[in-house]
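Reading through the structure tokens given below for one structure.
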Amino acid sequence: MVENVAGEKRIHLIELRMGSGLPAIALMQALSGRALSVRPDPIELLRITALAHDAAEEQFMEGSGRRLADFARGMGMPFSFNVVRFCTFPSGAHKDQLDLEPNEAAVVLSEFALGPMIGRPMLLEAMMKLIRAVRPRVMVVIETEANHNAPDFGHRFVEALFTVGGYFDSLATCMEGNEEARAAVESWYLNDRIRNVLVAEGEERVIRDVKIRVWRKYFARFGMLEIPVRGLALQHANLVIRRSPYAASCLMALDYKSLMIGWKDVPLLFVSAWKFMKAIPH
């Protein structure tokens, strides 16, 4: 993101589904020059717009926004935050609701935001049309690298076995067996994923992850061009892994232009970067 807004004074980050706000904190550090950034001049304003799907998400994101505002204040960085409700009906949100300004550079972060929409294709298409209308300098997409959308149980079972098995093995290696955080991840997050992938059907099956090769074909419909994940982003990822005592078990490799991350020989997620072409190919 930083490389694609180099020299810009006003930056607008649009998060499709904000979590704790850690990516935004990393962006602030990079823009301020406190990370691996070589940005010479401070920015005039960092704006963040988070898209929420319901009232509970909106409330959670507003809490994250307050914490980000405190962090930005401590760094002396001009900052503003807003939450926009992305409606659950197909028309979604409109570009005007994002309050884009002509003198700001927009970037989009989609962190596990598009995958949950696979089972609702009209909603996913509405989101993609909104992003295309924004025409960001770059869009960063992070999703699970697995095929949990197969129609038959057998294929979903095998995929879930490898993916969830990788997470369980990494937790067993990196955390003590009696750690409360590990128990919470295993019994809540992973347990729910297994149940939803294997047992649920129809609209109840919300976890329908697909691999990056499927996303590439889908994004091409909207005139999106994959760009390399390299430079500062790759340097920072390598640095984090080298500092880990479990570096030998971490998988980090390029898949065409995107970064594949996993545990041992099991890919678990991918990080990719995209730009919009001037015209949509027919």
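The values are calculated or read from the model by the stated rules, or taken from the named source; none is laboratory data. Note that the coordinates shown come from a computational prediction; the quantities given were computed from them, not determined experimentally. Positions of Cβ are backbone-derived with ideal geometry, glycine not excepted, and every protein chain shown enters the neighbour counts.
Looking only at segment 100-126, count how many residues are within 14 Å of the chain's Cα centre (by Cα) and buried (at least 20 other Cβ atoms within 10 Å of the Cβ).
Summing the residues that are within 14 Å of the chain's Cα centre (by Cα) and buried (at least 20 other Cβ atoms within 10 Å of the Cβ) in segment 100-126 gives 8.
Kindly indicate which of A26, A30, A56 is among the hydrophobic types (A, V, I, L, M, F, W, C) and either assigned to a loop (DSSP other than H, G, I, E, B) or at pLDDT 90 or above (or both).
Answer to the check: A56.
Filter segment 173-188 for residues that are over 25 Å from the mean Cα position of the chain (by Cα) and assigned to a helix (DSSP H, G or I) and give the result.
T173, E180
With segment 212-282 as the region, which strands (runs of 3 or more DSSP E) entirely inside it contain at least 3 residues that are touching a Pro at 6+ places or on another chain (Cβ under 9 Å) and surrounded by 11 or more Cβ atoms within 10 Å (Cβ to Cβ)?
250-255, 258-263, 266-276
Could you list, in sequence order, all residues of segment 189-211 that are assigned to a loop (DSSP other than H, G, I, E, B) and within 19 Å of the chain's Cα centre (by Cα)?
V206, I207, R208, D209, V210, K211
For the condition within 27 Å of K129 (Cβ to Cβ) and polar (S, T, N, Q), what is the one hit in S249, S244, S258?
The match here is S258.
Can you tell me which of L109, L161 is touching a residue at least 40 places away in the same chain (Cβ under 8 Å) and of a type in the set (A, V, I, L, M, F, W, C)?
Result of the check over L109, L161: L109.
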